[in-house]
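Peer 1: One structure coming up, written as structure tokens, with questions to follow.
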Amino acid sequence: MPAKMCGVPIAAKLVESLLPPGKSIDTGTSLTGPDDTQRCEVTIDGDSAIKVTGQRYPDALGVKDIALNYLGVPADELGQANPDGSVMVWDSEIVGVTQCTGYPTDAAGRSTKRYSVTIEASYPRDAKSRRDALQNLLPPYLVAAAQALGC
């Protein structure tokens, strides 16, 4: 396992538990689209293992706002949120949000106040193990990705 995932430095032990067995890994390159969203996919033997999406927001949003208004999650399907409202987790997906204290501008030139990362995984097959692995990976990945963008 390389020392970076989607161009962001991360400890290999945090990612390994989300990867199925295989011979080759592509840790992906983060691609920024015209909507200022960073997208990346980690593959094992050519099959998708982890999908990562990062997005900057001009508003001071919480993770529930992002899930409902930007990710299109129906209100009755909201995941389990941590007490401070910065992380929401489902069996195969996790979303975290952090402040952009440096207020970098987005593609439209707007001052960025929040940055969120969504990570999706389908392995391990056991939902609790997968959810636990996502909860271990997200906090350090979110910090590193936000720092890379100047937050």
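The values are calculated or read from the model by the stated rules, or taken from the named source; none is laboratory data. Bear in mind that the values here come from a model prediction, so they are computed numbers and not experimental data. Virtual Cβ from ideal backbone geometry, glycine too; neighbours counted across all protein chains shown. These area figures cover heavy atoms from the full protein model, side chains too; ligands, DNA and RNA do not enter into them. Shrake-Rupley method; radii C 1.70, N 1.55, O 1.52, S 1.80 Å.
Peer 1: Name the lysines eligible as straight-distance cross-link partners of Lys113: C-alpha to C-alpha under 17 Å, and not fewer than 8 places from it in the same chain.
Peer 2: Lys64
Peer 1: Something else about it: Would you work out the charge dipole size for the stretch 26-104 about its Cα centre, treating the Cβ of every Lys and Arg as +1 and the Cβ of every Asp and Glu as -1, and quote it to the nearest 20 debye?
Peer 2: With only Lys, Arg, Asp and Glu charged at Cβ, the dipole is about 280 debye.
Peer 1: How much area per residue is accessible in the chain when the probe is 1.4 Å and only protein heavy atoms are counted (Å²)?
Peer 2: Here the residues of the chain average 52 Å² of exposed surface.
Peer 1: If each DSSP helix of 4+ residues adds -39,500 (n - 2.57) and the sum is divided by the residues in the chain, what number results at 222 nm, nearest 500 deg cm²/dmol?
Peer 2: Result for the chain, helices only: -7000 deg cm²/dmol.
Peer 1: Can you list which of the trypsin sites (Lys or Arg not before Pro) found in the stretch 107-151 are DSSP loop residues with at most 12 other C-beta atoms within 10 Å?
Peer 2: When the trypsin sites (Lys or Arg not before Pro) of the stretch 107-151 are filtered for loop state and at most 12 Cβ neighbours within 10 Å, Arg125 remain.
Peer 1: Percent of accessible area on the chain owned by carbon and sulfur, 1.4 Å probe?
Peer 2: Working: 3770 of 7810 Å².
Ligands and nucleic acids excluded, carbon and sulfur give 48 percent.
Peer 1: Continuing with this model, one more query. Using DSSP to define loop residues, name the trypsin sites (Lys or Arg not before Pro) in the stretch 1-103 whose beta-carbon has at most 15 other beta-carbon atoms within 10 Å.
Peer 2: Lys23
Peer 1: Ok, one more. Roughly speaking, what is the centre-to-centre gap between the stretch 73-151 and the stretch 1-36 when only Cα atoms are used, to the nearest Å?
Peer 2: A separation of 15 Å, based on Cα centres.
Peer 1: Between Asp84 and Asp45, 0.36 nm times their residue separation minus their Cα-Cα distance comes to what?
Peer 2: 10.2 nm
Peer 1: Among Ser111, Val97, Leu137, pick out the residue whose Cα is farthest towards the positive end of the charge dipole of the stretch 86-151, where Lys and Arg carry +1 and Asp and Glu carry -1 on C-beta, about the Cα centre.
Peer 2: Highest projection toward the positive end goes to Ser111.
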